[in-house]
Amino acid sequence: MQISDLPLYNQDDDANQAESVKRLKNEIRATQGLLFITPEYNRSIPGVLKNAIDHASRPYGQSAWAGKPAGILGASPGASGTAMAQQHLRNVLAVLDVPTLGQPEAFIQVKEGLFDEAGNIGADSKQFLQNWMDRYVIWVKKTCCLMQ
Ligand SMILES: Cc1cc2nc3c(=O)[nH]c(=O)nc-3n(C[C@H](O)[C@H](O)[C@H](O)COP(=O)(O)O)c2cc1C
């Protein structure tokens, strides 16, 4: 499913959610863990991401998010590497009962050398991201079993 399949959230539609919203919720429910990979828009997350999060959190009491462990990564050309967007996202996920991996953090600045000529992640960043992913997988396995 694509984030652009979703309509703008409107609480009046809670009793009759769009097919794309139902699909999103089913996909979330089928997962053991979540990965949020986001750019930063004006020091926060993009509105389309917040729209998707809001959709899957409703109707009240029927959120698809609760208990799903999440990792957060972000990349932007800015030196802060989406740090502020990620902090906002953690705030939103906390109220939805989504535990987030605290460390390692991944604030990725997109600059020369991040990708090689073939468009693959360069060696240094690859090692960093592999380490991040290894830690994430261990943590999801631990956390998803605790939450069941
Ligand atoms: C409306 C808007 C606001 C943005 N605000 C920020 C920002 O606050 N901090 C930042 O680092 N980058 C900001 N950017 C840059 C985006 O992070 C960047 O455009 C995006 O990462 C590009 O992603 P792409 O290379 O995958 O297309 C902003 C971009 C847009 C369009």
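The values are calculated or read from the model by the stated rules, or taken from the named source; none is laboratory data. Here the structure is a predicted model, which is why all the values come from computation and not from measurement. Here Cβ is always computed from backbone atoms with ideal geometry, including for glycine, and neighbour counts include all displayed protein chains. To get the accessible areas, we keep the full protein, side chains included, count just its heavy atoms, and leave off ligands, DNA and RNA. Shrake-Rupley method; radii C 1.70, N 1.55, O 1.52, S 1.80 Å.
Some points to look at:
- Separation between Cα centres of segment 86-148 and segment 1-74, rounded to whole Å: 18 Å
- In this structure, ASN26 and TYR60 have a Cβ-Cβ separation that, at R0 = 25 Å, corresponds to a calculated FRET efficiency of about 0.85.
- GNM on the chain, alpha-carbon springs under 10 angstrom: the most fluctuating residue among ALA94, ALA30, ALA118 is ALA118.
- Estimated FRET transfer efficiency (LYS126, ALA79; beta-carbon r; R0 30 Å; 0.05): 0.90
- Under Karplus coefficients 6.51, -1.76 and 1.60, residue-wise ³J(HN,Hα) of segment 107-113 in Hz, glycine/proline x: 9, 9, 8, 7, 8, 3, x
- Net charge contributed by nearby residues that have their C-beta within less than 11 Å of ASP14 (K/R +1, D/E -1): -2
- Within the chain, helix-based [θ] at 222 nm, where runs of 4 or more DSSP H residues each add -39,500 (n - 2.57), nearest 500: -13000 deg cm²/dmol
- For segment 43-148, applying the loop criterion from DSSP together with a ceiling of 16 other beta carbons within 10 Å to the chymotrypsin sites (Phe, Trp or Tyr not before Pro) yields TYR60.
- Cleavage-rule hits, GluC sites (Glu not before Pro), segment 96-132, DSSP coil, Cβ neighbours within 10 Å at most 11: GLU112, GLU117
- With only Cα atoms counted, the chain has Rg and Dmax values of 16.3, 50 Å.
- Of the trypsin sites (Lys or Arg not before Pro) found in segment 1-48, those that fall in a DSSP loop while having at most 13 other beta-carbon atoms within 10 Å are ARG43.
- Net charge, GLY33 excluded, C-beta distance under 9 Å - Lys, Arg +1, Asp, Glu -1: +2
- Rolling a 1.4 Å probe over the protein chains gives THR38 an accessible area of about 10 Å².
- Scanning the chain for DSSP H helices at least 27 Å long along the axis (C-alpha atoms) with a Kyte-Doolittle mean no lower than -0.5 picks out 123-147.
- Number of Lys pairs (Cα under 21 Å; 8 or more positions apart or on different chains) in segment 12-148: 8
- Highest-fluctuation residue, ILE28, ILE72, ILE138 considered, GNM on the chain with Cα pairs under 10 Å: ILE138
- Normalised per residue, the accessible area of the chain is 61 Å², obtained with a 1.4 Å probe and no contribution from ligands, DNA or RNA.
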